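Okay, structure first, notes after.
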Amino acid sequence: MGRERTGRQPQMPLASSGRGKGPTWLLVLVTFSLAAAAPAIQQSDVVYEEESWSLPPELEPHLMWYLYRKLAFLRSPLPGARVPRSPAHLPGAPRPYRQGIHQGIDFVTGDCGVPVTVSTPVRAAADGLVIRADHDYQEMSPAERQQILSRILAGDRDPQLLDRLHGRQVWLLHRGDVLTRYSHLSRIPEDVVPYTRVRAGQLVGYAGNSGTSYGTLGSDLGVHLHWEIFVRGRPFWWGLRQESMKALLQFILEGDAGGQ
Ligand SMILES: [Zn+2]
């Protein structure tokens with residue numbers, strides 16, 4: 001077994017080829033299909049990417065269609081919330097304090113159409129299996145958090161370090177190897193336990209600021225829900241330009257009756 005640290009992603013061959021159109025987009029599908037052969041997602045397999053790349057624009061519709069079909073069953077973890085408008089709250093935004101990029105979607109008061117406080121319920125985005133629920137989370141001290149940041153800035157790529165910055169978390173595994181991750185929670189209901197099932201819309205936690213600088217100070221500031229979606233162990237937005245990723249999210253989360 002052992003931990004599979006995938007490290008940096010290999011360059012996708014199509015990123016540089018750009019010759020024939022047909023075969024090239026087929027390569028995208030083949031690559032994703034190969035990824036499908038991987039075993040079920042495990043916590044240690046989740047890849048954290050610091051770099052990003054984009055598909056050539058003419059290929060994006062194929063990836064968008066693939067992702068739409070994979071993710072259309074998800075609903076917003078905060079009912080009534082819209083996709084954040086600020087690019088800073090979306091994947092790909094720079095995070096200079098740790099020399100990386102933002103991996104998730106930040107639902108925060110003022111940018112997602114609903115208030116987000118420590119009493120805001122966070123709901124399962126779909127039916128799924130709980131694979132992580134940090135009931136025994138202990139908040140870091142400001143000094144501990146600073147130490148973690150220093151190690152990351154010094155080039156330490158241990159995923160556990162980034163994981164600590166996510167605070168109290170719940171992870172849900174859904175059909176089709178889709179995983180959703182809910183970070184910085186303030187509380188988790190007792191019945192949300194690893195290897196039990198949850199239904200779409202079930203309460204899985206409350207928004208919070210655990211793992212953030214405010215959280216370590218015991219402050220109520222900075223409360224938000226950081227939400228991530230993985231498809232077969234990889235961030236769903238990998239390869240998409242930010243405009244396309246945002247459009248995809250809006251289509252999924254605001255497309256029909258749910259969105260406001
Ligand atoms: Zn975030």
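The values are calculated or read from the model by the stated rules, or taken from the named source; none is laboratory data. All figures in this text were calculated on a predicted structure; none of them were measured in a lab. Neighbour counts run over all protein chains shown; Cβ positions are idealised from the backbone, glycine included.
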Practice task
Residue by residue through the range 230-247, note down the ones that are over 14 Å from the mean Cα position of the chain (by Cα), hydrophobic (A, V, I, L, M, F, W, C) and surrounded by 17 or more Cβ atoms within 10 Å (Cβ to Cβ).
Solution key: Leu240
Exercise for the section: Check Gln250, Gln202, Gln242 and return the single one that is more than 16 Å from the ligand (Cβ to nearest atom) and touching a Gly at 6+ places or on another chain (Cβ under 8 Å). Expected result: Gln250
Fill in the blank from the handout: Here the residues within the range 96-124 that are more than 16 Å from the ligand (Cβ to nearest atom), out of contact with any Asp or Glu (no Cβ under 9 Å at 6 or more places or on another chain) and not basic (Lys, Arg) are Gly113, Val114, Pro115, Ser119, Pro121, Ala124
Exercise for the section: Name every residue in the range 97-143 that is in a strand (DSSP E or B), within 21 Å of Ala200 (Cα to Cα) and among the hydrophobic types (A, V, I, L, M, F, W, C), in order of residue number. Expected result: Ile105, Phe107, Val122, Leu129, Val130, Ile131, Ala133
Practice task
Taking Asp191 as the residue in question, decide whether it is surrounded by 14 or more Cβ atoms within 10 Å (Cβ to Cβ) and acidic (Asp, Glu).
Solution key: no
Exercise for the section: For residues that are free of Cβ contacts under 8 Å to residues at least 40 places away in the same chain and under 22 Å from Val178 (Cα atoms), tally how many sit in the range 203-235. Expected result: 0
Problem - Count - residues of the range 184-202 that are within 21 Å of Leu74 (Cβ to Cβ) and without any contact (Cβ under 8 Å) to a residue 40 or more places away in the chain - result: 1
Practice task
Return the only residue of Leu221, Leu173, Leu203 being under 14 Å from the mean Cα position of the chain (by Cα) and modelled with pLDDT of 95 or more.
Solution key: Leu173
Exercise for the section: Examine the range 169-183 for a residue that is charged (D, E, K, R), more than 21 Å from Phe73 (Cβ to Cβ) and away from the ligand (no atom under 15 Å from the Cβ), and state whether such a residue exists. Expected result: no
Practice task
Have a look at Leu153, Leu129 and point out the one that is in contact with a Lys or Arg (Cβ under 7 Å, 6 or more places away or on another chain), surrounded by fewer than 14 Cβ atoms within 10 Å (Cβ to Cβ) and either in contact (Cβ under 8 Å) with a residue 12 or more places away in the chain or farther than 19 Å from Val198 by Cβ (or both).
Solution key: Leu153
Practice task
Any residue in the range 76-89 that's farther than 13 Å from Gln250 by Cβ and within 14 Å of the ligand (Cβ to nearest atom): show its pairings with residues that are assigned to a loop (DSSP other than H, G, I, E, B) and charged (D, E, K, R) at Cβ separation under 9 Å, as long as the two are six or more apart or on different chains.
Solution key: Ser86/Asp111; Ala88/Asp111; His89/Asp111
